[in-house]
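These notes are about the structure you will find just below.
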Amino acid sequence: MAFRHTLLVAAVVAMLSASAHALELDPMVIPEINIGGRAIVTANYQDQELADGGSESDSELDIADSSLLFGFSKYLFSDQDYGFAAFGLKLPEDDSDLEDDIYVHEVHVGIGGPRYELKLGRSRLTNTLVQFPTLRDDDLLEFTHVLNGSSNAEAEEFQIFGGLVQGSWWFTPAVRLTGALTARTETDDHGDRESSSNFNGGSLTLAYEIPETIKFDRGVRFAGISVDYQDLDDMVLGHGEAARSLSSDDMTAIIAALTYNLSNDPERFWVLDGQAIYNDGAEVASLHSEIERARAESTTVALALRYFHRPYLQTRWQAAVALGWKDYRDFDDATAYTVVPTFVYRLGAGVDLLAQYQYRHNDTGLAAALGVDDEHRIAVGISFAFDYTLNESVGERGSILNLEHDTLDLGPVGGGH
Amino acid sequence: MSEKNLSTPPGEATGNTVISRRRFLRSAAALTGGALVAGTARAAGMDATAYGVSPPHEYGSGEGSMMYMEGHNMMGVTTEPPGAPADDEVEYREFELSFDIAEHELLPGVSFPSFAFNGLVPGPVFRVQENDWIKVIVRNNTEEMHTIHWHGVDLIYTMDGVPMVTQDPVHPDETFIYRFQARPHGTRFYHCHWGLPLHMMSALAGAFIIDSPNDPIRKQWPYTRDYVLVLQEYDIHFTRTHLNALLAGMKRVNKMMENRTLTPLTHGFFRRYEDFLAAMEKGWRPPYTRGNAEFTAINPTFFAINGKCYPATIGEHGHLKIRRGEYIRIRLINMGIEDHHMHLHGHQFLKVAEDGNPLPAPIRLNTIPVTPGKTVDIIIYGNNPGFWDFHDHKELFTRNNGIYPGGMITMLEYEDMGAVPYVPSISVNQ
């Protein structure tokens, strides 16, 4: 109950910010406007060896994860502090619960200053610390994110994005502590969305981070540890004899991650990413549903090795291989692993040829629950990405001038940059 | 000590280079079979035109440059280019400069990060006497490359500070020593000649005043005060964003230099035009091509006199003072990219020099255009007591970020007015 009260106070604080709408707006004070987006289209082929001995194959044209993001920012009267907002749209997977929707994945506002940043609204959750080099957000989702114990939908959007009241404090320009109250999407047992606004968790992250623009010689570029807490409601799954009850519970996951630059050659650049998640889970009886797998006790490790080829310091191609391993500790033979080599060839600024192969193997126990032993997926396509700034007037927190020259070249961490 | 000048044929390189330079040249020579070295020449009985001028030259393009050499590294090097007398041959006046990054306040509430000589915007004012031998030891404390061009000074060509024309750029952590004779007298200036748009927006410029006891202007109008007003405009957002982008790129370049893996193509250096064409044929694309180019607009919104915008120009930063019956000299230097039309209220002044050189006859004006790269000297005679506006009459430049009054406004104040009926105050938003 105390947790719910805390959440209520946070919600009131968030609502109070809306009162600014009562004040006049000066149209002469134009914000910085960031417009970013990516159109990604791939032809996919999938082949599955089923747990019952059969096989299935499928092919599709996939436009999922194409997105458009508008960011706005401006300095406040204090000059050293800034305000920001973002609106983002994203296309969900064609076979997910959101198939016909355009998902609003970013709607947030915030303020920040030399040492702090406060963000309210829907945004990327802090349930992963490293972005792994796959073509789409969900390619390694089960291996890289703390999953949503309140959603039984297949929609990756309900796993990656959510409501949050997030505050960050920078002890040094490179070391921050981020705390968030989170409102993950809640669904019913069929995966239909019930709420995206109920506070039902929180996280605390301590991270050391140096942008790649500054650190490309050998050594640690990111190191972080995070605790992710979820407050879970009860739910009944299935019908008749197959009915299973999920009780009200909570679960806590610990995430640790590291990004290490292996080389010190900016033209031939090797990076190793690693992340481990230990989830203490909640009581579940099976692994048949999305929500049960999200709530199950699990240990996850993901690794990625990336190579950037930048002759004359012009990025031409990136090759990467990502490995994922996950064990549902409460279940026998419930381990999965995946191998994902990815190749991105740059045709022009922001225009890339894409190719990815993914192999996934499920142990017998997990295969029985999912109905799939082995899976092969191939994706080949093109992406067009851009990031353009109008009325460039606000700095960047990760800029060299801010981090190395102490010139208060500040701006929002997100917000379209 | 051998006596050499630039007519030394390639492959016969000897001389008195400093140790670090010599060490570098050894590795460079191994790659190319020869390189220029620092030379000396006797100063006695020679003027500066004797140095470095030996037509017709026998060298191919890029001779003496390290920039097209694979794996070149200039970090930590002290470079003393050839052509000037050695330290023991003339008496040098020695100065120290540095290329720095500093945060500069244009006026209260507006600061921006900038390149800056000795951390100052604009750079420090040199005041030397005509024919002084000048030695400027400049150290590059930034991660970017720079040079110094001595604008309007007739010097030895190897000291002219134009990258890839008279010298290699001064690399990060490199010390470069300019030696030259200060002549002719007049209002000159110095500025970085590398990456000019950004570096000019970044205030890498300063006044270089060469005095002379024979200055005809002083003789004709015996002025008692001598003001230097440096006119510059700033797009502080362009400067900030491009400084960040530049430093990000240079970190990689410098790392490659440290690793001795830097190639000429990384920076776009070519020994010959044919080499450039060959690289294009092989698929290398320069950054200005339409697949790579960014559209960069420079829109200055702050306009400064001596690095300050009105009302910060009032006071120590350009506030001009005069007394009745007094001549004062004002040296206007346009180190920026815009034209400025400086107008003085209540007076007709005399334009007495242009580009630092005395005019045959003065021109009587009250508004004077100062275009980019130009210097103009004016003489004001104190004959109309009061407080008088002195401002750019291109009024778009008398604003701070679009708000009038601001920018290039200062004031001529009579010190001997006694009691006055109205005294100026400060207005920042009309």
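Every number here is computed from the coordinates shown, using simple stated rules; none is lab data. These numbers come from a predicted model, not from an experiment. Virtual Cβ from ideal backbone geometry, glycine too; neighbours counted across all protein chains shown.
The slack between residue A:283 and residue A:77, meaning 0.36 nm per residue of separation minus the straight C-alpha distance, is 69.1 nm. Comparing A:182, A:126, A:213 in a Gaussian network model of chain A where C-alpha atoms under 10 Å apart are linked, the largest mean-square fluctuation is found at A:213.
With a Förster radius of 22 Å applied to the C-beta separation of residue A:351 and residue B:294, the computed FRET efficiency comes to 0.90.
Can you list the lysines whose alpha carbon is less than 19 Å from that of residue B:219, not counting same-chain residues fewer than 8 positions off? Output for residue B:219: B:351.
For residue B:79, the residues whose amide H sits under 5 Å from its own are B:175, B:176, B:177, ignoring neighbours fewer than 5 places away on the same chain, with H placed 1.01 Å from N.
Given the -39500 (n - 2.57) contribution per DSSP H run of 4+ residues, what per-residue ellipticity at 222 nm results for the protein assembly as shown, rounded to the nearest 500 deg cm²/dmol?
That comes out to -3500 deg cm²/dmol.
Overall, chain B carries a charge dipole of about 320 debye about its Cα centre when +1 sits on the Cβ of Lys and Arg and -1 on the Cβ of Asp and Glu, all other atoms neutral. Here's how it looks for residue B:400: its modeled amide H is under 5 Å from those of B:406, B:407, which are all 5 or more places away or on a different chain. Along the Cα-to-Cβ line of residue B:319, 7 Å from the Cα, sits a label point; which residues in the range B:119-143 have backbone N less than 11 Å from it? So the set is empty, nothing qualifies.
Structure remark: mean-square fluctuation, Gaussian network model of chain B, C-alpha springs under 10 Å; the largest value among B:281, B:258, B:415 belongs to B:281. Result for chain B in a Gaussian network model with C-alpha springs under 10 Å: among B:157, B:310, B:404, the largest mean-square fluctuation is at B:404. The alpha carbon convex hull volume per residue for chain B rounds to 153 Å³. Judged by the mean number of other Cβ atoms found within 10 Å, the most tightly packed of the peptides A:294-300, A:386-392, B:95-101 leads the ranking A:294-300, B:95-101, A:386-392. Listed by chain and number, the lysines placed with their C-alpha closer than 23 angstrom to that of residue B:135 are B:4; residues fewer than eight positions away on the same chain are left out. Here each label is just a point 7 Å from Cα along the line to Cβ, and for residue A:330 and residue A:208 those points are 3.6 nm apart. Oblate is the label for the range B:302-414. Its Cα gyration tensor axes, ordered a ≥ b ≥ c, give a/c of at least 1.5 and b/c at or above a/b.
With q set to 0.09, 0.11 Å⁻¹, the log10 of I(q)/I(0) for the protein assembly as shown, from the Debye formula over equal scatterers at the Cα positions, is -0.99, -1.25. In this simple spin-label model, placing a label point 7 Å from the Cα along the Cα-to-Cβ direction at both residue B:393 and residue A:22 gives a separation of 5.3 nm. Projecting the Cα atoms of B:198, B:172, B:187 onto the charge dipole of the range B:158-236 (Cβ charges, centred on the Cα centre) puts B:187 farthest toward the positive pole. Among the listed pairs A:90/B:251; A:74/A:215; B:282/B:374; A:119/A:215, a Cα-Cα separation exceeding 32 Å is found for A:90/B:251; B:282/B:374.
Taken about its Cα centre, the range B:302-414 carries a charge dipole of about 220 debye when Lys and Arg each add +1 at the Cβ and Asp and Glu each add -1 at the Cβ. Per residue of peptide B:244-255, the mean number of Cβ atoms on other chains within 10 Å of the residue Cβ is 5. One decimal place: the segment residue B:416-residue B:131 gains 98.8 nm when fully extended, by the rule 0.36 nm per residue minus the C-alpha distance. Length available on full extension from residue A:272 to residue A:35: 0.36 nm per residue minus the Cα-Cα distance, which gives 82.3 nm. Placing a label point 7 Å from the Cα of residue A:100 along the Cα-to-Cβ direction, the residues of the range A:181-221 whose backbone N falls under 20 Å from that point are A:188, A:190-195. On the beta carbon distance between residue B:120 and residue A:337, with R0 = 60 Å, the FRET formula returns roughly 0.50.
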